[in-house]
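K.L.:
The following block contains the structure, expressed as structure tokens.
The values are calculated or read from the model by the stated rules, or taken from the named source; none is laboratory data. Since this is a predicted model, take the numbers as computed values, not measurements. FYI the Cβ positions are ideal-geometry reconstructions off the backbone, even for glycines, and counts take in every protein chain you see.
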Amino acid sequence: MQPESTSEPSPPGLKQYLIVTASYWGFTLTDGALRMLVLLHFFKLGYSPFTLALLFLLYEAAGIAANLIGGWLATRFGIARMLMVGLVTQISGFLLLSAVSLDWSAALSVAWVVMAQGVCGVAKDLTKTASKSAIKLTAGGASGRLFKWVAWFTGSKNAMKGFGFFLGGLLLEGLGFQGALWLMAGLLGLVLLGVVFSLPSNLGRAKPSKSAKELFSKSRALNLLAASRLALFGARDVWFVVGVPVFLYSQGWTFPMVGGFMAAWTIGYGLMQGLAPQVVPRSNDGLSREVPASRAWAFGLALVPVAMVFAIDPSLAQADLWLVLGLSLFGLAFAVNSSVHSYLVLAYAGSEKAAEDVGFYYAANAAGRFLGTLLSGWLYGVGGIAACLWGSALLLAVGFLLSLGFPRQPQPNVIEP
């Protein structure tokens with residue numbers, strides 16, 4: 001990779017990058033709102049923490065396959081088409097969820113919601129894989145621009161997801177569960193029209209892998225990064241999905257307060273992701289300083305939940321405020337870790353099949369969310385918020401150990417024997 005020149009003109013892919021980013025903003029706004037809608041609506045109906053976790057399991061599990069298949073499909077048919085497929089699938093999931101009735105039995109309601117959430121999980125990761133792959137293609141060869149574009153895309157979309165959390169709580173109060181889903185489906189329809197008329201259909205098309213071995217056999221760098229990503233997002237969702245929202249509600253917080261905090265946390269996390277290029281040491285080759293920085297930030301992040309366990313006593317009146325302070329610190333360090341990972345996967349990825357490499361990496365991301373979601377409900381039921389934080393610390397320690405193997409030089413993305 002070559003260092004970025006300060007006098008370099010705007011790359012020809014800038015317009016396409018902005019279109020893809022804006023489209024994903026619209027998608028992630030409704031996706032964040034969906035999470036709060038489902039969590040708060042069914043908690044209000046009396047569902048247990050573990051049952052709430054089950055509602056999201058297929059959503060996360062479907063993402064594993066969707067990323068792998070989505071990367072191959074984006075390479076075969078083009079990124080624009082996969083964006084359209086992801087948006088249509090999300091709209092379908094919203095309409096399925098809106099059909100849930102209070103007259104149904106609990107078993108039928110859970111089964112239907114799990115199925116509809118699975119549809120939305122496929123939509124999310126098809127859209128994410130296509131969008132992230134577009135950055136590799138539109139940023140050009142400069143490592144500095146690639147890091148900045150990745151950081152801005154990732155940070156801004158997570159800020160939008162934070163607004164979505166707040167929007168979900170607001171819509172649930174104002175329009176109810178069904179009305180909120182109908183409104184969001186309509187908004188995504190407008191985003192879909194924008195993609196149809198704005199992006200070239202051949203964007204990102206290349207010769208896809210011909211076998212499962214070729215699709216799954218990545219470079220050592222990508223394999224280690226994917227495993228570390230699994231641990232990183234498992235460590236977040238082990239408290240984020242069920243543990244913290246339920247804990248805060250049990251401390252006397254209202255639904256809008258819970259949604260507002262989750263929104264503020266995610267927005268702050270997104271803004272910090274956008275600033276990551278300013279706090280991470282940079283190198284001309286794009287790896288020699290960035291990789292050691294990723295290890296240092298991973299080690300620091302692992303210490304945060306351990307400190308929180310000893311600082312928070314759930315029996316005290318101020319336990320919720322200590323939790324908020326601790327998670328704010330967690331969010332800052334987590335944002336830098338996530339942003340560096342998002343850059344490294346594109347730095348390690350090959351150019352011709354970038355969508356497949358990104359899909360493989362985000363399949364691991366989805367696996368981490370699946371693991372964290374399952375553990376969040378189970379650990380909270382077993383040992384409360386402290387058990388969730390210990391689970392987070394253990395996963396982060398694993399992620400740090402894996403980061404020690406990240407190569408500091410570019411490696412070819414080839415099939416390993």
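K.L.:
What number goes with the only condition from (1) within 15 Å of GLY118 (Cα to Cα); (2) touching a Gly at 6+ places or on another chain (Cβ under 8 Å); (3) of a type outside the set (D, E, K, R); (4) at pLDDT 80 or above that LEU95 does not pass?
P.N.:
So the condition that LEU95 fails would be (2).
K.L.:
Can you pull out every residue in the range 280-331 that is surrounded by fewer than 16 Cβ atoms within 10 Å (Cβ to Cβ), within 26 Å of VAL150 (Cβ to Cβ), more than 24 Å from the chain's Cα centre (by Cα) and among the hydroxyl-bearing types (Ser, Thr, Tyr)?
P.N.:
SER288
K.L.:
May I ask you to list the residues in the range 100-131 that are farther than 20 Å from LEU52 by Cβ and not in a helix (DSSP H, G or I)? Give the derivation first.
P.N.:
Of the range 100-131, the ones farther than 20 Å from LEU52 by Cβ are 103, 122-123, 125-131.
Hit for the range 100-131 is ASP103, nothing else.
K.L.:
From the list GLY286, GLY368, which residue is in contact with a Gly (Cβ under 9 Å, 6 or more places away or on another chain), of a type outside the set (S, T, N, Q), within 21 Å of SER403 (Cα to Cα) and part of a loop (DSSP other than H, G, I, E, B)? Give the steps one after another, and end with the answer.
P.N.:
Details: GLY368 fails: part of a loop (DSSP other than H, G, I, E, B).
Just one listed residue meets the conditions, GLY286.
K.L.:
Failed condition for ARG236, given (1) at pLDDT 80 or above; (2) farther than 25 Å from PRO49 by Cα; (3) of a type in the set (Lys, Arg), with all others met?
P.N.:
Condition not satisfied by ARG236: (2).
K.L.:
Moving to a separate point now. Of the residues that make up the range 305-322, is at least one more than 27 Å from TRP253 (Cα to Cα), in contact with a helix residue (DSSP H, G or I) (Cβ under 6 Å, 6 or more places away or on another chain) and free of Cβ contacts under 8 Å to residues at least 60 places away in the same chain? It would help to see each step written out before you state the result.
P.N.:
So in the range 305-322, the residues more than 27 Å from TRP253 (Cα to Cα) come out as none.
No, every residue in the range 305-322 fails to be more than 27 Å from TRP253 (Cα to Cα), in contact with a helix residue (DSSP H, G or I) (Cβ under 6 Å, 6 or more places away or on another chain) and free of Cβ contacts under 8 Å to residues at least 60 places away in the same chain.
K.L.:
A further question follows. Could you list, in sequence order, all residues of the range 365-377 that are in contact with a Leu (Cβ under 8 Å, 6 or more places away or on another chain) and buried (at least 24 other Cβ atoms within 10 Å of the Cβ)? Break it down stepwise before answering.
P.N.:
Start the filter on the range 365-377 by keeping residues that are in contact with a Leu (Cβ under 8 Å, 6 or more places away or on another chain), which leaves 365, 367-368, 370-374, 377.
If the condition is that a residue be in contact with a Leu (Cβ under 8 Å, 6 or more places away or on another chain) and buried (at least 24 other Cβ atoms within 10 Å of the Cβ), then ASN365, GLY368, PHE370, GLY372, THR373, GLY377 are the ones that fit.
K.L.:
So, in the range 1-49, of the ones that are modelled with pLDDT of 80 or more and not hydrophobic (A, V, I, L, M, F, W, C), which residue ends up surrounded by the fewest Cβ atoms within 10 Å (Cβ to Cβ)?
P.N.:
GLY26
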